[in-house]
Amino acid sequence: MKLAVGFVTYNDSSAKYLGDFLPSLRHSLNFLPVVDKRILTFDNSSQDNNINRLALEYFVREHPDEMISFSSKENIGFGSAYNVLITQAKKLKAEYFLMINPDVLLEPDAIEKLLSKMETNKDLASVSPKILRWDFNNHKQTKQLDSCGLSLKSGLRFNDLGQGEIDNDQYNETEIIGPSGAIGLFRLSALESIKDKYGYFDSRFFMYKEDCDLAYRLHLAGFKSALVPEALAYHDRTAAFYGKGISQSLLNRRQTSKQVRAWSFKNQHLLFVKHFKNENFKSKFVVIARVVVMFVFSLILEQFNLKQYPNIVRVLKS
């Protein structure tokens, strides 16, 4: 069995986590003595911000047989960077690819349990651990759910299952369509089968919601995904999660940067256009309603998102 682990770094947003993340990742990989494994990393940092590269270069020097590092002169985006890493994993003849963000901590046996699930269920294209919130600022792990995988509702509404709730094993048996972009284990043969001219991840997304698109493309191709609740990971989200409901959702949005909201707005519309033809009548109706609501909402409260419409048209024309 051969495993490739890939993660992407970017400026200060990832640098602060590496001191915790890299030892956690190595500790979990050490539970796999019979597995041929390699760590792949892509640094998207700007040229004048080399703190990530210094940390990764030190790690490579300390463990030269474990890591292969890539970088670019500019930020090429989350999906494009992962396409480079998955392509390298294929060259290494890996069977599995573990996608993981550097703002994630792993329980020591997490990767072992994810691999075991995939090995005993050959129909699975991907699996997700149970992801709980990592309170990085207070240096503690919590029982608040971050994601039990991606769920899908009518109208191409993708959600991190259970996000913000206290974990009481309530989603242990729930079906998912794929793992969150924070961490997920994929079968390379399944990824290869849905690759198109935009890559494994759709490079047009640049950042945000590309995990939803990948999960849905695998789902449409007939592949299955599953939650492995006994495999635990902890994720520090950029913005705090204040719960469900309209007021809480608005508060969540205010804690999110305008750039992130703009990327999310553009990419949600790209999801609509890409997959509209695959939806049933009810889902198509919900999609149209959501497009109208998103336009009115942006017109009243988030006018900066209106600038994304030319970008949406430009991406689709290209």
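Quick notes
- Flag for residue 36 being in the same structural domain as residue 183 (by TED's automatic domain parsing) and over 23 Å from residue 96 (Cα atoms): no
- On inspection, residue 257 qualifies as exposed (fewer than 11 other Cβ atoms within 10 Å of the Cβ) and either of a type in the set (Ser, Thr, Tyr) or touching a Pro at 6+ places or on another chain (Cβ under 7 Å) (or both).
- Leading residue by the ranking (surrounded by the fewest Cβ atoms within 10 Å (Cβ to Cβ)) among those in the range 159-195 that are more than 19 Å from residue 131 (Cβ to Cβ) and touching an Asp or Glu at 6+ places or on another chain (Cβ under 8 Å): 189
- Where a residue in the range 89-117 is within 12 Å of residue 185 (Cβ to Cβ) and its partner, wherever it lies, is at pLDDT 95 or above and surrounded by fewer than 17 Cβ atoms within 10 Å (Cβ to Cβ), with Cβ under 8 Å and at least six apart: 95/189; 113/230
- Evaluation of residue 87 against (1) modelled with pLDDT of 95 or more; (2) crowded, with 18+ Cβ neighbours inside 10 Å (one fails), failing number: (2)
- Which numbered condition residue 154 fails, given (1) more than 26 Å from residue 269 (Cβ to Cβ); (2) among the hydroxyl-bearing types (Ser, Thr, Tyr); (3) in contact with a Lys or Arg (Cβ under 6 Å, 6 or more places away or on another chain): (1)
- Helices (runs of 4 or more DSSP H) enclosed by the range 1-114 - at least 2 residues per element that are among the basic types (Lys, Arg): 51-62, 78-91
- Within the range 196-213, being out of contact with any helix residue (DSSP H, G or I) (no Cβ under 8 Å at 6 or more places or on another chain) and either among the hydroxyl-bearing types (Ser, Thr, Tyr) or surrounded by 21 or more Cβ atoms within 10 Å (Cβ to Cβ) (or both) holds for one residue alone: 211.
- Hits in the range 219-258 (condition: hydroxyl-bearing (Ser, Thr, Tyr) and at pLDDT 65 or above): 225, 234, 256, 257
The values are calculated or read from the model by the stated rules, or taken from the named source; none is laboratory data. Predicted model only: the values in this text are computed from it and were never measured. In this analysis, Cβ positions are derived from the backbone assuming ideal geometry, glycine residues included, and neighbour counts consider all displayed protein chains.
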